[in-house]
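Read through the structure below, which is laid out as structure tokens, and then see the notes.
The values are calculated or read from the model by the stated rules, or taken from the named source; none is laboratory data. A quick note: this is a predicted structure, and the numbers were derived from the prediction, not measured. Heads up, the Cβs are rebuilt from the backbone with ideal geometry, glycines too, and the neighbour counts pull from every protein chain shown. Ligands, DNA and RNA are excluded from the accessible area calculation, which covers all protein heavy atoms including side chains. Shrake-Rupley method; radii C 1.70, N 1.55, O 1.52, S 1.80 Å.
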Amino acid sequence: MAITVTQLVAFLAVTRGGSVTSAADELMVTQPSVSSAIAALAREVDCELFERAGRGIRLTDAGRAFAPYAGDVIGLLETGRRAAREAATTAARRLRIAAVTTAAESFVPDLMQGYAERHPEVELTLAVGNREDVIERVLRHQADVAISGKPPGDERLEAEPLGENAIALISAPGDPAAAGDALEAAQLAGRAWLLREPGSGTRTLNEQFLAERGLRPTVLELGSNGAIKQAARAGLGVSLLSRAAVEAELAAGRLSEIPLQDGPRARPWYVLRSTVGPSRPTIDEFMTFVRERAPAPR
């Protein structure tokens, strides 16, 4: 089999953009060269990887099955390139961290600072996104580690608990429900609910909580934890958020917390790494640091 890197790069670009035109623009090559690479790849794997879909193209079932492996190959080549450079000079050492918004806005900066003090020779980068984004970054080898909530059941990922992630139901300052006894979720049936965007672990947490208790509230969708906190402060609704993300506002009285009898249990934060391909020493060092020294978020 003579599959080339050029073929895989073209395949992944078409997968991302949904057309040969967008792939050619992304790669800054001609459309015929992309089409030729895709056709050659299809011959090598002996099946069609794309099919027509309106004005564009989409993956066939075979293409969807092949895509994760193509991503692994390209990602591992890039990881191998960095490993070789790190072996040649410590100045080139880098650790790419991806973190969900809640973690990035609370304890991850302190975690990075502690690691940097122990390993000043390592350049650190941080990408922030929702749960779906950061997990995809590790799977595509675009990040070395990810910090997130509940990990997916994917054999390509190794998850290690990092610390406790307690959950709080936030509301506007002075909310009478925050001053009384703990409520059952059913008593919140008339409240509007503030949700993050699809793909967010915080959104999934809220949706699961509501579904398990048979609640179908009016929903307001917002794109960040900051926006949810501001909306809750203005009295537009309530929401479950990580306590790490709202501790300052609760302490200052800018938000209030409604106690729940049947609220969600605290759950761990996790550090995720890829199990595909050999691990780089920099990643191993970070995992060791997390186990030994990282303070457990409350």
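Quick notes on this structure:
- Cα-Cα separations in the stretch 31-101 greater than 21 Å, expressed as whole percent: 49 percent
- Cα centroid separation - the stretch 221-263 against the stretch 1-26, whole Å: 43 Å
- Extension gain for the segment ARG43 to GLN142, taken as residue separation times 0.36 nm less the Cα-Cα distance, is 32.8 nm to one decimal.
- For the chain, the fraction of alpha-carbon pairs lying more than 29 Å apart is 48 percent, rounded to a whole number.
- Averaging the Cα positions of each part gives two centres, and for the stretch 192-207 and the stretch 138-161 these lie 20 Å apart.
- Three principal axis lengths of the stretch 216-298 [C-alpha, angstrom, descending]: 50, 26, 25
- Scoring 167-173, 74-80 by mean Cβ neighbours within 10 Å over their residues and listing the highest first yields 167-173, 74-80.
- Local net charge near GLN261, Cβ-Cβ under 9 Å (Lys/Arg +1, Asp/Glu -1): -3
- Summing charges over neighbours of ALA13, with a neighbour being any other residue whose Cβ is under 11 Å away from its Cβ, gives -1 when K and R count +1 and D and E count -1.
- Per-atom-type breakdown for the chain gives carbon and sulfur 50% of the accessible area (1.4 Å probe, protein chains only).
- Fully extended contour minus Cα-Cα distance, from ALA62 to GLN208, at 0.36 nm per residue: 49.3 nm
- Over all other residues within a Cβ to Cβ distance under 14 Å of GLU51, the charged ones net out to +2, with Lys and Arg as +1 and Asp and Glu as -1.
- Relative to the longest principal axis of the Cα atoms of the chain, the long axis of helix 31-45 lies at roughly 90 degrees.
- Under-5 Å amide H pairs with PHE50, H placed in peptide plane, nonlocal only: THR60
- The stretch 1-136: equivalent-ellipsoid semi-axes (sqrt of 5 x gyration tensor eigenvalues, Cα, Å): 36, 19, 13
- If the chain linking LEU250 and GLU117 were pulled fully straight, counting 0.36 nm for each residue of separation and taking away their Cα-Cα distance, it would gain 44.8 nm.
- Using alpha-carbon coordinates, inclination of helix 281-293 to the longest axis of the chain, degrees: 10 degrees
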